[in-house]
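J.: Take this structure first; my questions come after.
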Amino acid sequence: MFGTGIQVWLQSIRSDVLAVLLGGVSLLGFAPTYAVLIAVLVFGVRLAPGLAVLGAVLLTGVVTDTAKEVVAFPRPDQVDDRLMRTYASGGDAIVSRGGGRGFWSLPSQDAIEKVRASRRGNYGFPSGHVSATTAFFVCTAWFIRARWLYGLTLVWIPLMALSRIYLGRHFLADVLGGLVIALVVSAMWIRFLPTQDPVDTGPGGRRRLRRLWFVTLALLALTPVLKSLPPAYVGAVTGLALSYSLIMKNGVPRDGGTTGQRTARIAIALTLFAVTLGMMGLAFGVEGASRLSTVFAGAVVTATTFAGTILLSRRLGLFETVTPQALP
(Lines give C-alpha, C1' and ligand atoms only; values in the text may rest on other atoms or scores of the structure.)
Protein backbone atom coordinates (compact mmCIF):
# COMPACT_ATOMS: atom_id res chain seq x y z
CA MET A 1 0.00 0.00 0.00
CA PHE A 2 3.08 2.24 -0.03
CA GLY A 3 3.97 1.49 -3.63
CA THR A 4 3.82 4.07 -6.41
CA GLY A 5 2.49 1.78 -9.13
CA ILE A 6 -1.08 3.08 -8.89
CA GLN A 7 0.10 6.69 -9.12
CA VAL A 8 2.28 5.94 -12.15
CA TRP A 9 -0.64 4.17 -13.87
CA LEU A 10 -3.16 6.91 -13.11
CA GLN A 11 -0.83 9.60 -14.38
CA SER A 12 -0.12 7.59 -17.55
CA ILE A 13 -3.78 8.00 -18.57
CA ARG A 14 -3.94 11.65 -17.57
CA SER A 15 -5.82 14.23 -19.56
CA ASP A 16 -6.21 17.96 -19.16
CA VAL A 17 -9.83 17.54 -18.08
CA LEU A 18 -8.93 14.90 -15.48
CA ALA A 19 -6.03 16.96 -14.16
CA VAL A 20 -8.21 20.05 -13.74
CA LEU A 21 -11.07 18.07 -12.16
CA LEU A 22 -8.99 16.18 -9.61
CA GLY A 23 -6.74 19.16 -8.97
CA GLY A 24 -9.83 21.23 -8.17
CA VAL A 25 -11.17 18.54 -5.85
CA SER A 26 -7.85 18.48 -4.02
CA LEU A 27 -7.81 22.27 -3.62
CA LEU A 28 -11.21 22.06 -1.92
CA GLY A 29 -9.71 19.75 0.73
CA PHE A 30 -7.55 22.39 2.40
CA ALA A 31 -8.47 23.84 5.81
CA PRO A 32 -9.76 27.26 4.61
CA THR A 33 -12.49 25.53 2.58
CA TYR A 34 -13.84 23.76 5.65
CA ALA A 35 -13.56 26.94 7.72
CA VAL A 36 -15.87 28.67 5.23
CA LEU A 37 -18.25 25.71 4.97
CA ILE A 38 -18.53 25.39 8.74
CA ALA A 39 -19.14 29.13 9.14
CA VAL A 40 -21.96 28.85 6.60
CA LEU A 41 -23.33 25.78 8.37
CA VAL A 42 -23.21 27.38 11.83
CA PHE A 43 -24.57 30.81 10.98
CA GLY A 44 -26.64 30.11 7.90
CA VAL A 45 -28.19 26.71 8.63
CA ARG A 46 -28.15 25.42 12.23
CA LEU A 47 -25.81 26.60 14.95
CA ALA A 48 -25.56 23.65 17.32
CA PRO A 49 -25.04 20.94 14.66
CA GLY A 50 -22.54 23.22 12.92
CA LEU A 51 -20.44 23.56 16.06
CA ALA A 52 -20.63 19.79 16.50
CA VAL A 53 -19.19 19.36 12.99
CA LEU A 54 -16.45 21.85 13.84
CA GLY A 55 -15.52 19.80 16.90
CA ALA A 56 -15.25 16.62 14.86
CA VAL A 57 -13.05 18.26 12.22
CA LEU A 58 -10.73 19.84 14.81
CA LEU A 59 -10.29 16.69 16.89
CA THR A 60 -9.69 14.68 13.72
CA GLY A 61 -7.04 17.23 12.78
CA VAL A 62 -5.32 16.79 16.15
CA VAL A 63 -5.11 13.02 15.71
CA THR A 64 -4.16 13.17 12.01
CA ASP A 65 -1.33 15.68 12.38
CA THR A 66 -0.02 13.92 15.48
CA ALA A 67 0.09 10.65 13.54
CA LYS A 68 1.95 12.38 10.69
CA GLU A 69 4.71 13.50 13.01
CA VAL A 70 4.95 10.18 14.85
CA VAL A 71 5.00 7.96 11.74
CA ALA A 72 6.98 10.43 9.57
CA PHE A 73 6.55 8.60 6.25
CA PRO A 74 7.26 10.20 2.86
CA ARG A 75 4.85 11.10 0.08
CA PRO A 76 4.86 9.34 -3.31
CA ASP A 77 6.12 12.36 -5.25
CA GLN A 78 9.05 12.61 -2.83
CA VAL A 79 10.24 9.07 -3.53
CA ASP A 80 9.52 8.49 -7.23
CA ASP A 81 10.87 10.80 -9.95
CA ARG A 82 8.41 9.42 -12.51
CA LEU A 83 5.51 11.23 -10.87
CA MET A 84 4.31 14.70 -11.85
CA ARG A 85 5.56 17.73 -9.96
CA THR A 86 2.97 19.99 -8.37
CA TYR A 87 3.38 23.21 -6.45
CA ALA A 88 2.95 21.24 -3.23
CA SER A 89 5.78 18.86 -4.22
CA GLY A 90 8.29 21.58 -3.46
CA GLY A 91 10.77 20.49 -6.10
CA ASP A 92 12.24 17.29 -7.49
CA ALA A 93 11.89 13.88 -5.86
CA ILE A 94 14.33 13.31 -3.00
CA VAL A 95 15.00 9.74 -4.14
CA SER A 96 14.30 8.22 -7.55
CA ARG A 97 12.63 4.93 -6.55
CA GLY A 98 11.79 4.69 -2.87
CA GLY A 99 8.25 3.34 -2.76
CA GLY A 100 7.29 -0.02 -1.32
CA ARG A 101 8.25 -2.97 -3.52
CA GLY A 102 5.22 -5.06 -2.59
CA PHE A 103 1.62 -4.40 -1.60
CA TRP A 104 2.37 -4.76 2.11
CA SER A 105 5.85 -3.21 1.94
CA LEU A 106 6.78 0.10 3.51
CA PRO A 107 8.76 2.79 1.66
CA SER A 108 12.46 2.01 1.53
CA GLN A 109 14.44 2.83 4.65
CA ASP A 110 16.70 5.08 2.60
CA ALA A 111 13.68 7.06 1.37
CA ILE A 112 12.25 7.40 4.88
CA GLU A 113 15.54 8.60 6.33
CA LYS A 114 16.22 11.12 3.54
CA VAL A 115 12.72 12.58 3.72
CA ARG A 116 12.93 12.91 7.49
CA ALA A 117 16.31 14.60 7.17
CA SER A 118 15.08 17.02 4.50
CA ARG A 119 12.03 18.23 6.45
CA ARG A 120 10.57 19.44 3.16
CA GLY A 121 6.86 19.99 3.74
CA ASN A 122 4.95 17.74 6.10
CA TYR A 123 4.72 13.96 6.03
CA GLY A 124 2.29 11.79 4.11
CA PHE A 125 0.68 9.26 6.44
CA PRO A 126 -2.22 9.69 7.11
CA SER A 127 -3.93 11.94 4.58
CA GLY A 128 -5.17 15.16 6.15
CA HIS A 129 -7.34 15.92 3.11
CA VAL A 130 -9.18 12.61 3.42
CA SER A 131 -9.52 12.73 7.21
CA ALA A 132 -10.90 16.29 7.20
CA THR A 133 -13.24 15.53 4.31
CA THR A 134 -14.52 12.39 6.01
CA ALA A 135 -15.07 14.06 9.39
CA PHE A 136 -16.84 17.02 7.82
CA PHE A 137 -19.20 15.14 5.54
CA VAL A 138 -19.95 12.22 7.85
CA CYS A 139 -20.79 14.50 10.78
CA THR A 140 -22.69 17.00 8.64
CA ALA A 141 -24.78 14.19 7.19
CA TRP A 142 -25.38 12.76 10.67
CA PHE A 143 -26.38 16.00 12.41
CA ILE A 144 -28.29 17.65 9.58
CA ARG A 145 -29.98 14.42 8.43
CA ALA A 146 -30.63 15.51 4.86
CA ARG A 147 -30.79 12.52 2.50
CA TRP A 148 -28.82 14.20 -0.26
CA LEU A 149 -25.92 14.69 2.14
CA TYR A 150 -25.53 10.95 2.59
CA GLY A 151 -25.26 10.54 -1.16
CA LEU A 152 -22.76 13.40 -1.47
CA THR A 153 -20.69 11.88 1.34
CA LEU A 154 -20.46 8.54 -0.45
CA VAL A 155 -19.27 10.27 -3.62
CA TRP A 156 -17.04 13.05 -2.35
CA ILE A 157 -14.84 11.09 0.07
CA PRO A 158 -13.67 8.54 -2.56
CA LEU A 159 -13.23 11.38 -5.05
CA MET A 160 -10.99 13.27 -2.60
CA ALA A 161 -8.97 10.12 -1.97
CA LEU A 162 -8.59 9.53 -5.72
CA SER A 163 -7.45 13.12 -6.28
CA ARG A 164 -4.70 12.82 -3.66
CA ILE A 165 -3.46 9.54 -5.11
CA TYR A 166 -3.64 10.83 -8.68
CA LEU A 167 -1.61 13.94 -7.85
CA GLY A 168 1.07 11.80 -6.25
CA ARG A 169 0.61 13.37 -2.85
CA HIS A 170 -0.51 10.22 -1.06
CA PHE A 171 -0.14 6.47 -1.08
CA LEU A 172 -3.16 4.18 -0.86
CA ALA A 173 -2.23 3.51 2.78
CA ASP A 174 -2.29 7.26 3.49
CA VAL A 175 -5.88 7.79 2.32
CA LEU A 176 -7.08 4.63 4.08
CA GLY A 177 -5.37 5.78 7.27
CA GLY A 178 -7.04 9.19 7.04
CA LEU A 179 -10.41 7.54 6.45
CA VAL A 180 -10.09 5.23 9.46
CA ILE A 181 -8.92 8.00 11.81
CA ALA A 182 -11.81 10.28 10.80
CA LEU A 183 -14.41 7.54 11.15
CA VAL A 184 -13.15 6.55 14.61
CA VAL A 185 -12.90 10.13 15.90
CA SER A 186 -16.28 11.06 14.40
CA ALA A 187 -17.93 8.00 15.95
CA MET A 188 -16.48 8.88 19.36
CA TRP A 189 -17.57 12.51 19.02
CA ILE A 190 -21.09 11.54 17.97
CA ARG A 191 -21.23 9.15 20.90
CA PHE A 192 -20.13 12.00 23.17
CA LEU A 193 -23.04 14.22 22.14
CA PRO A 194 -26.54 13.75 23.58
CA THR A 195 -28.66 13.61 20.43
CA GLN A 196 -28.49 14.15 16.71
CA ASP A 197 -29.28 17.79 17.52
CA PRO A 198 -26.54 18.48 20.07
CA VAL A 199 -28.19 20.90 22.48
CA ASP A 200 -28.64 19.82 26.08
CA THR A 201 -30.63 21.92 28.54
CA GLY A 202 -29.88 19.85 31.62
CA PRO A 203 -26.99 18.72 33.81
CA GLY A 204 -25.79 16.34 31.09
CA GLY A 205 -24.73 19.26 28.95
CA ARG A 206 -22.67 20.76 31.75
CA ARG A 207 -20.99 17.42 32.36
CA ARG A 208 -20.10 17.15 28.67
CA LEU A 209 -18.73 20.68 28.66
CA ARG A 210 -16.54 19.86 31.66
CA ARG A 211 -15.23 16.78 29.82
CA LEU A 212 -14.47 18.87 26.76
CA TRP A 213 -12.52 21.29 28.91
CA PHE A 214 -10.67 18.37 30.53
CA VAL A 215 -9.55 17.18 27.09
CA THR A 216 -8.69 20.75 26.08
CA LEU A 217 -6.61 21.42 29.18
CA ALA A 218 -4.84 18.08 28.77
CA LEU A 219 -3.90 19.00 25.20
CA LEU A 220 -2.71 22.44 26.33
CA ALA A 221 -0.55 20.87 29.05
CA LEU A 222 0.97 18.33 26.68
CA THR A 223 1.64 20.66 23.76
CA PRO A 224 4.89 22.16 25.14
CA VAL A 225 6.38 18.71 25.80
CA LEU A 226 4.92 16.55 23.01
CA LYS A 227 6.30 17.99 19.79
CA SER A 228 4.04 15.74 17.73
CA LEU A 229 0.89 17.56 18.89
CA PRO A 230 -0.17 20.21 16.34
CA PRO A 231 -0.34 23.53 18.23
CA ALA A 232 -2.67 25.23 15.74
CA TYR A 233 -5.30 22.51 16.15
CA VAL A 234 -4.87 22.49 19.94
CA GLY A 235 -5.49 26.23 19.92
CA ALA A 236 -8.56 25.82 17.73
CA VAL A 237 -9.99 23.20 20.11
CA THR A 238 -9.44 25.70 22.93
CA GLY A 239 -11.35 28.33 20.95
CA LEU A 240 -14.18 25.86 20.42
CA ALA A 241 -14.38 25.15 24.17
CA LEU A 242 -14.49 28.89 24.85
CA SER A 243 -17.30 29.30 22.33
CA TYR A 244 -19.31 26.48 23.92
CA SER A 245 -18.82 28.05 27.36
CA LEU A 246 -20.07 31.42 26.13
CA ILE A 247 -23.18 29.87 24.62
CA MET A 248 -23.94 27.89 27.77
CA LYS A 249 -23.64 31.05 29.86
CA ASN A 250 -25.60 33.44 27.66
CA GLY A 251 -28.11 31.13 26.00
CA VAL A 252 -28.39 29.35 22.69
CA PRO A 253 -29.29 31.66 19.80
CA ARG A 254 -32.41 30.55 17.95
CA ASP A 255 -31.74 29.18 14.47
CA GLY A 256 -33.53 30.76 11.59
CA GLY A 257 -34.16 34.33 10.60
CA THR A 258 -34.56 35.96 7.25
CA THR A 259 -32.22 35.34 4.34
CA GLY A 260 -30.72 38.75 5.00
CA GLN A 261 -30.06 37.92 8.66
CA ARG A 262 -28.44 34.59 7.78
CA THR A 263 -26.31 36.23 5.11
CA ALA A 264 -25.23 38.96 7.50
CA ARG A 265 -24.23 36.44 10.17
CA ILE A 266 -22.16 34.48 7.64
CA ALA A 267 -20.53 37.68 6.40
CA ILE A 268 -19.61 38.70 9.95
CA ALA A 269 -18.12 35.27 10.68
CA LEU A 270 -16.04 35.20 7.49
CA THR A 271 -14.86 38.78 8.05
CA LEU A 272 -13.80 38.04 11.62
CA PHE A 273 -12.09 34.86 10.46
CA ALA A 274 -10.13 36.66 7.74
CA VAL A 275 -9.19 39.61 9.94
CA THR A 276 -8.07 37.59 12.97
CA LEU A 277 -6.26 35.05 10.80
CA GLY A 278 -4.39 37.88 9.11
CA MET A 279 -3.58 39.60 12.40
CA MET A 280 -2.35 36.39 14.01
CA GLY A 281 -0.33 35.63 10.91
CA LEU A 282 1.38 39.01 11.13
CA ALA A 283 1.94 38.67 14.86
CA PHE A 284 3.05 35.04 15.09
CA GLY A 285 3.38 33.67 11.56
CA VAL A 286 7.13 34.11 11.41
CA GLU A 287 9.75 31.43 11.22
CA GLY A 288 10.70 30.24 14.67
CA ALA A 289 7.42 31.26 16.31
CA SER A 290 6.90 29.33 19.52
CA ARG A 291 4.39 26.52 19.83
CA LEU A 292 2.53 28.37 22.57
CA SER A 293 2.12 31.44 20.36
CA THR A 294 0.65 29.18 17.67
CA VAL A 295 -1.76 27.74 20.23
CA PHE A 296 -2.77 31.26 21.24
CA ALA A 297 -3.30 32.28 17.61
CA GLY A 298 -5.48 29.23 16.92
CA ALA A 299 -7.60 29.91 20.00
CA VAL A 300 -8.06 33.59 19.11
CA VAL A 301 -9.06 32.89 15.51
CA THR A 302 -11.57 30.18 16.43
CA ALA A 303 -13.11 31.92 19.44
CA THR A 304 -13.36 35.24 17.62
CA THR A 305 -14.92 33.66 14.54
CA PHE A 306 -17.62 31.74 16.39
CA ALA A 307 -18.11 33.31 19.84
CA GLY A 308 -17.42 36.76 18.44
CA THR A 309 -19.95 36.36 15.64
CA ILE A 310 -22.61 35.17 18.10
CA LEU A 311 -22.03 38.15 20.39
CA LEU A 312 -21.97 40.68 17.56
CA SER A 313 -24.99 39.17 15.81
CA ARG A 314 -26.99 39.32 19.03
CA ARG A 315 -26.03 42.95 19.51
CA LEU A 316 -27.15 43.72 15.97
CA GLY A 317 -30.42 41.81 16.36
CA LEU A 318 -29.47 39.07 13.89
CA PHE A 319 -30.18 36.31 16.43
CA GLU A 320 -33.12 35.72 18.73
CA THR A 321 -31.80 34.43 22.06
CA VAL A 322 -33.61 31.81 24.11
CA THR A 323 -32.92 30.79 27.70
CA PRO A 324 -29.38 29.68 28.62
CA GLN A 325 -28.70 26.10 27.62
CA ALA A 326 -25.67 23.87 27.95
CA LEU A 327 -23.88 22.63 24.88
CA PRO A 328 -21.74 19.49 25.00
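J.: Under a 10 Å cutoff between Cα atoms, tell me which one of 48, 297, 19 has the largest fluctuation in the Gaussian network model of the chain.
T.: 19
J.: Indicate the gyration tensor shape class of the chain (rounded, prolate or oblate), computed on the Cα atoms with a ≥ b ≥ c the square roots of the eigenvalues: a/c under 1.5 is rounded; otherwise a/b larger than b/c is prolate and the rest oblate.
T.: Prolate shape, in that a/c is at least 1.5 and a/b is the bigger ratio.
J.: Would you grab the residues whose amide H sits under 5 Å from the one on residue 93? Only those 5+ places off in sequence or on another chain, please, with H modelled 1.01 Å from N.
T.: none
J.: Also, quick follow-up: For 104, 142, 148, give the ranking by accessible area with the largest first, probe 1.4 Å.
T.: 104, 148, 142
J.: Measure nothing fancy, just the Cα-based angle from helix 231-250's long axis to the longest principal axis of the chain, in degrees from 0 to 90, nearest 10.
T.: 20
J.: Under a 1.4 angstrom probe, counting protein chains only, how are 189, 213 ranked by accessible area, largest first?
T.: Ranked from most to least accessible, the order is 213, 189.
J.: Now for a separate question. Which lysines, on any chain, are close to residue 68 with Cα under 24 Å apart, when same-chain ones fewer than 8 places away are left out?
T.: List returned: 114, 227.
J.: Here's another thing I want to ask about it. Where does helix 47-71 land angle-wise versus the long Cα axis of the chain, in degrees 0 to 90, nearest 10?
T.: Helix 47-71 and the main axis of the chain meet at about 30 degrees.
J.: For the chain, what relative contact order do you get, as a whole percent, if you take Cα pairs closer than 8 Å and at least 6 residues apart?
T.: Reported relative contact order: 23 percent.
J.: Please work out the C-alpha center-to-center distance from the range 233-256 to the range 1-43 and express it in whole Å.
T.: Their Cα centres are 31 Å away from one another.
J.: Once the whole set of protein chains is in place, how much accessible area is left on residue 37, using a 1.4 Å probe, in Å² to the nearest 10?
T.: 70
J.: Can you tell which of 278, 98, 29 shows the greatest fluctuation in a Gaussian network model of the chain with Cα springs below 10 Å?
T.: 278
J.: Ok, one more. State the extension gain, in nm to one decimal, for the chain segment bounded by residue 254 and residue 311, taking 0.36 nm per residue of separation less the distance between their alpha-carbons.
T.: 19.2 nm
J.: Order the following by accessible area, largest value first: 69, 113. Probe radius 1.4 Å; ligands, DNA and RNA are ignored.
T.: In descending accessible area the options line up as 113, 69.
J.: Which stretch or stretches of the range 215-252 have amide N atoms under 18 Å from the point lying 7 Å from residue 119's Cα along the Cα→Cβ direction?
T.: 224-232
J.: Continuing with the same structure: For residue 215, tell me the accessible area in Å² from a 1.4 Å probe, rounded to the nearest 10.
T.: 70
The values are calculated or read from the model by the stated rules, or taken from the named source; none is laboratory data. Keep in mind the model is a prediction, meaning the values are calculated, not measured. Heads up, the Cβs are rebuilt from the backbone with ideal geometry, glycines too, and the neighbour counts pull from every protein chain shown. These accessible areas exclude ligands, DNA and RNA; they are computed on the full protein's heavy atoms, side chains included. Shrake-Rupley method; radii C 1.70, N 1.55, O 1.52, S 1.80 Å.
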